[in-house]
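S.K.: Below you will find the structure I want to go over with you.
Readers should treat all values here as calculations from the given coordinates under stated rules, not as data from a laboratory. Computed from a prediction, not measured in an experiment: that's the story for all the values here. Neighbour counts are summed over all protein chains in view; Cβ atoms, including those assigned to glycine, are modelled from backbone coordinates with ideal geometry.
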Amino acid sequence: MDKKPSRLKICLITVTLSDGGAERVAALLSKYFDNQEFEVYHVVFSGKVEYDFSGKIFHLEHLKDKRNSWWSRSKRFFALKKFFANNDFDYVIDFRTKPLLLQELIIHNFVYPKFIQTIHSFKLQSYLPKNKFLAKLLYKNCQQFITVSKGINDKVSSKYKFIPSQTLYNPIDFESISEKTTEAIPDDFQYILSVGSMNKNVKQFDKLIACYAKSVLPSKNIKLIILGDGKLKNKWIKLVESLNLQEMVVFKGNVKNPFRYYKNALFTVSTSKYEGMPMVLLESLACGTPIISWDYASGPNEIIANEKNGLLVENQNSEKLIEAINLFVSDNNLYLQCKENALTSVKQFSLETIGAEWVSLFEKQRT
C-alpha cells in the first residue's frame, strides 16, 4: 500500500548549508516539507551549516581529515553508502554541482538510490558532461531534472532528452524575510547594493565597481555596499583604491542577515556573467527594493518586468548599465513605481506556492 504524502521520507543533499543559492533553496524546502509532516533528512558533504533548516542532518565533515586523504575519502564513501542502505527514502534530491566526474559516477551508481537532480546554473557543464554517453552513465539512476529557470530548462531539454526535465522556481520565505528586515543596520548613508561570492568572478564585481565609478552616484554621495567574501575580495579592494573610492565602496563581507541591507538599499544591481534563477534579485524584490540587472542568459528576464519592478539592461553592456543606474536616481517617478511594485511582483515565488509544486511532482511520480 502506498504511503500517504504526509508520511513521505525525503533526503536533501547539499555540499554545505551556507554560502549558496542552491543550499538556501534546500534549507527553505526542508522547512516546507517539515510543515507538511514529511520526514526530512539532510546529507551535507562538507563546510558550515548556517542556514535555518528543518529535519535531521547527516554531516560528513567530521570524517574528513586535514589532508582529505584517500583514507578519509573512503570512510566518507562507506558512511554515505551505509546511510542510504539504512534509510528507505521516497525521494532523494541532489542540489550539488558535479565537478569531479569519476567521484560522481561512483556516488551516483554505487551509493544513491533513484534520485532527482536540481540544476541551478545556465553553465550546464557544472552538472552535465558534454559527452552524452557519459551524461547517460552518470545519471542512469536519475528520475528527473529540476531546473530553476525556463532558460535552463530549454537548454537541458534540447541537449539531454534522455531524462525528463521540469522548471520549479527557487522559493522565497516572505514571512521570515519580513521579520529579518526589521533589524536595523549600522549605516546612516544612502547606498545601492550588490551581493555574491567572490571566489570566482561570476558576479563580475570589477565591472560593477567600474560602472559605479562612472555613474553620478559618487558625486551624489550614494555609496555602493557589497555583501560577500572570497579569494578575489582583495583584488576588488585594490581596484577601489586605484579609483580613489575607498570611502564610497563598502565591503561588508558575509553577513548573517542580508535582508536588512536589501530593505534599506535604494536598489540592488546584478552584473553576473550567468546565473540560474538569481536569489539576489528575488530576495531584493521580496524586501520591497527594485533591481537593475544585465539580461544575462538565465533568470533576469523571468523576474524583471522592465520599468515595472526594475530595469533590464542589455547583457554585458556597461554603458547601458551606467545609464540605468543614473536613470533610477534622476527619474524619481519611475523609481518609486518600481519600488511600489517590487514586493507584489514576486508573490508567485512564495515558499508555499513552490513547495506545493514540489509535492505535486512527488504525487505525479507516485501514480
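S.K.: Can you work out the Karplus-derived ³J(HN,Hα) for every residue in region 73-83? Use 6.51 cos²θ - 1.76 cosθ + 1.60 with θ = phi - 60°, whole Hz, and x for glycine or proline.
M.R.: Taking θ as phi minus 60°, the curve returns 5, 5, 4, 5, 4, 6, 5, 5, 4, 5, 4 Hz for region 73-83.
S.K.: What are the residues whose amide H is under 5 Å from the amide H of residue 250, where those residues sit 5 or more places off or on another chain and H is modelled from the backbone?
M.R.: Sorted by chain and number, the residues that satisfy this are 224, 225, 226.
S.K.: Residue by residue through region 188-200, what is 3J(HN,Hα) from phi via Karplus (6.51 cos²θ - 1.76 cosθ + 1.60, θ = phi - 60°)? Round to whole Hz and write x for glycine and proline.
M.R.: Taking θ as phi minus 60°, the curve returns 10, 10, 6, 7, 9, 10, 9, 9, x, 6, 10, 6, 10 Hz for region 188-200.
S.K.: Using each residue's phi in region 42-59, evaluate 6.51 cos²θ - 1.76 cosθ + 1.60 at θ = phi - 60° and report the 3J(HN,Hα) Karplus result to the nearest Hz, with x for Gly and Pro.
M.R.: Per-residue couplings from phi come out as 10, 9, 10, 6, 6, x, 8, 10, 10, 6, 5, 9, 10, x, 8, 10, 10, 9 Hz.
S.K.: Which pairs in the list 9/161; 56/114; 140/233 are over 32 Å apart, alpha-carbon to alpha-carbon?
M.R.: Violating the 32 Å Cα-Cα cut-off are 140/233.
S.K.: Tell me which label goes with the value of Rg and Dmax of the Cα atoms in Å computed from the coordinates here: (1) 21.3, 70; (2) 19.4, 56; (3) 22.3, 93.
M.R.: (1)
S.K.: Using amide H atoms built 1.01 Å from N in the peptide plane, name the residues 5+ places from residue 92, or on other chains, whose amide H lies under 5 Å from its own.
M.R.: Those qualifying (amide H under 5 Å, at least 5 residues apart or on another chain) are 11, 116.
S.K.: Can you give the extra length, in nm with one decimal, that the chain gains between residue 347 and residue 106 once fully stretched, where that is 0.36 nm per residue apart less the Cα-Cα distance?
M.R.: In short, 82.7 nm is gained.
S.K.: I'd like to know which of 221, 345, 306 lies farthest towards the positive end of the charge dipole of region 174-348, counting +1 on Cβ of Lys and Arg and -1 on Cβ of Asp and Glu.
M.R.: After comparing all options, I get 221.
S.K.: By the scheme Lys and Arg +1, Asp and Glu -1, what is the net charge of all other residues having a beta-carbon under 14 Å from that of residue 191?
M.R.: +2
S.K.: Helix 332-342 sits at what angle to the longest principal axis of the chain, using alpha carbons and giving 0 to 90 degrees rounded to 10?
M.R.: Once rounded, one gets 20 degrees.
S.K.: Something else: May I ask for the net charge around residue 245, where only other residues with Cβ less than 12 Å from the Cβ of residue 245 are counted and Lys, Arg are +1 while Asp, Glu are -1?
M.R.: Result for the neighbourhood of residue 245: +1.
S.K.: Something else about it: Taking 0.36 nm per intervening residue step and subtracting the Cα-Cα distance, what contour gain separates residue 255 from residue 159 on full extension? Don't skip to the answer; put the middle values down first.
M.R.: Working: separation 96, 0.36 × 96 = 34.56 nm, distance 3.86 nm.
This chain segment gains 30.7 nm when fully extended.
S.K.: Turning to a different aspect of this structure: Considering only the other residues whose Cβ falls under 13 Å of the Cβ of residue 324, what net charge follows from Lys and Arg at +1 and Asp and Glu at -1?
M.R.: -4
S.K.: Another question, then. Sequence-distant or interchain residues sharing an amide H contact under 5 Å with residue 294, placed H: which?
M.R.: Residues meeting the amide H criterion: 270, 272, 313.
S.K.: Can you sort 327, 227, 336, 12 so the residue with the fewest Cβ neighbours within 10 Å comes first? Intermediate results must be reported in sequence, preceding the final value.
M.R.: Values: 327 14, 227 18, 336 11, 12 26.
Ordered by Cβ neighbours within 10 Å, fewest first: 336, 327, 227, 12.
S.K.: Spin-label point model (7 Å from Cα, Cβ direction): what's the residue 201 to residue 243 distance in nm?
M.R.: 1.4 nm
S.K.: Within a 10 angstrom radius of the beta carbon, how do 366, 67, 260, 96 rank from fewest other beta carbons to most?
M.R.: 67, 366, 260, 96
S.K.: Taking only Cα atoms, what is the 0 to 90° angle, nearest 10, from helix 150-159's long axis to the longest principal axis of the chain?
M.R.: 50 degrees
S.K.: Follow-up. Which entries of 231/252; 159/203; 214/273; 66/130; 75/256 show an alpha-carbon separation above 23 angstrom in the structure shown?
M.R.: With Cα atoms farther than 23 Å apart: 159/203; 66/130; 75/256.
S.K.: Using alpha carbon centroids, what distance separates region 106-138 and region 276-308, in Å?
M.R.: 28 Å
S.K.: Round to the nearest 10 and give me the degree value, 0 to 90, for the angle of helix 101-110's Cα axis relative to the longest principal axis of the chain.
M.R.: Once rounded, one gets 40 degrees.
S.K.: May I ask which residue of 318, 118, 296 lies farthest towards the positive end of the charge dipole of the chain, with charges of +1 (Lys, Arg) and -1 (Asp, Glu) on Cβ and the Cα centre as origin?
M.R.: 118
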